[in-house]
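To keep things clear, I will list the structure first and then write my remarks on it.
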Amino acid sequence: KNEVEQSPQNLTAQEGEFITINCSYSVGISALHWLQQHPGGGIVSLFMLSSGKKKHGRLIATINIQEKHSSLHITASHPRDSAVYICAVVTGANSKLTFGKGITLSVRP
Amino acid sequence: SAVISQKPSRDICQRGTSLTIQCQVDSQVTMMFWYRQQPGQSLTLIATANQGSEATYESGFVIDKFPISRPNLTFSTLTVSNMSPEDSSIYLCSVDEGGTEAFFGQGTRLTVV
């Protein structure tokens, strides 16, 4: 059974803080997604990683395949970053996605 | 990239009734996926919608409860049948492009009363 664990479960930060969200998984994967879900339920894909590091604006995602771990960093956080951040791993020949439960981030002004 | 239009965005339904959720993609895609997200839980795959053949259902999900249509490469529907309060969830459709990137609809927030 592949488990995707995210930590911390909930996170509150002050505007401007540097934020790190973690994801660990238990089996070999071909890639990992970081997703953002807003209160209405819609999901936006932030990154897909298979190795190394990616950066987009204030967001940075890293992955360590050997340690089965990925992190999402948000620099200079802003209240509009408040959302649920979900980690999902890609496994199998059919590229099946397995999701973590997500972390609820609240950034206070 | 693919843009997915999902509707309705939310609905409140009486138990025993059915609701059909639609997803329209702005490009042709081979596979479309339907997920359920129960309150406080992670997304769970319901089924994979294949064009021209029956959907492939995951363990715990059956066609009678969640019939799926896929009439062409840009459109799919999921019906939640004979609803009960336990079906209250967010339902999402998704596509991926050869496993390189995943795209999601806006979600349908369903409340069954």
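The values are calculated or read from the model by the stated rules, or taken from the named source; none is laboratory data. Note that the structure is a prediction, hence the values are computed from the model and not measured. Neighbour counts run over all protein chains shown; Cβ positions are idealised from the backbone, glycine included. Keep in mind that these areas ignore ligands, DNA and RNA; they rest on the heavy atoms of the full protein, side chains included. Shrake-Rupley method; radii C 1.70, N 1.55, O 1.52, S 1.80 Å.
Taking the numbered list (1) modelled with pLDDT under 90; (2) surrounded by 21 or more Cβ atoms within 10 Å (Cβ to Cβ) in turn, A:CYS87 passes all entries but (1). When B:VAL95, B:VAL62, B:VAL29 are checked against the criterion of being in a strand (DSSP E or B) and either of a type in the set (A, V, I, L, M) or open to solvent by 30 Å² or more (accessible area, probe 1.4 Å) (or both), B:VAL95 stands alone in meeting it.
So that you can scan it fast, the table gives a plain yes or no per residue for (1) over 13 Å from the mean Cα position of the chain (by Cα); (2) surrounded by fewer than 15 Cβ atoms within 10 Å (Cβ to Cβ); (3) of a type in the set (S, T, N, Q); (4) at pLDDT below 95:
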position	(1), (2), (3), (4)
A:GLY16	yes, yes, no, no
A:CYS23	no, no, no, no
A:LEU32	no, no, no, yes
A:GLN37	no, no, yes, yes
A:GLY41	yes, no, no, yes
A:SER45	no, no, yes, yes
A:MET48	no, no, no, yes
A:ARG58	yes, yes, no, no
A:SER70	no, no, yes, no
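Going through segment B:65-92 one residue at a time, which ones are more than 14 Å from chain A (Cβ to nearest Cβ) and either of a type in the set (Val, Ile, Thr) or buried (at least 18 other Cβ atoms within 10 Å of the Cβ) (or both)?
Scanning segment B:65-92 gives B:PHE66, B:ILE68, B:ARG70, B:THR74, B:SER76, B:THR77, B:LEU78, B:THR79, B:VAL80, B:MET83, B:ASP87.
If you go through segment B:48-60 and keep only what is in contact (Cβ under 8 Å) with a residue 12 or more places away in the chain and within 12 Å of chain A (Cβ to nearest Cβ), you end up with B:THR48, B:ASN50, B:GLU58.
The residue of segment A:39-84 that is farthest from the other protein chains (Cβ to nearest Cβ), among those that are within 28 Å of B:SER5 (Cα to Cα) and touching a Phe, Trp or Tyr at 6+ places or on another chain (Cβ under 6 Å), is A:LEU72.
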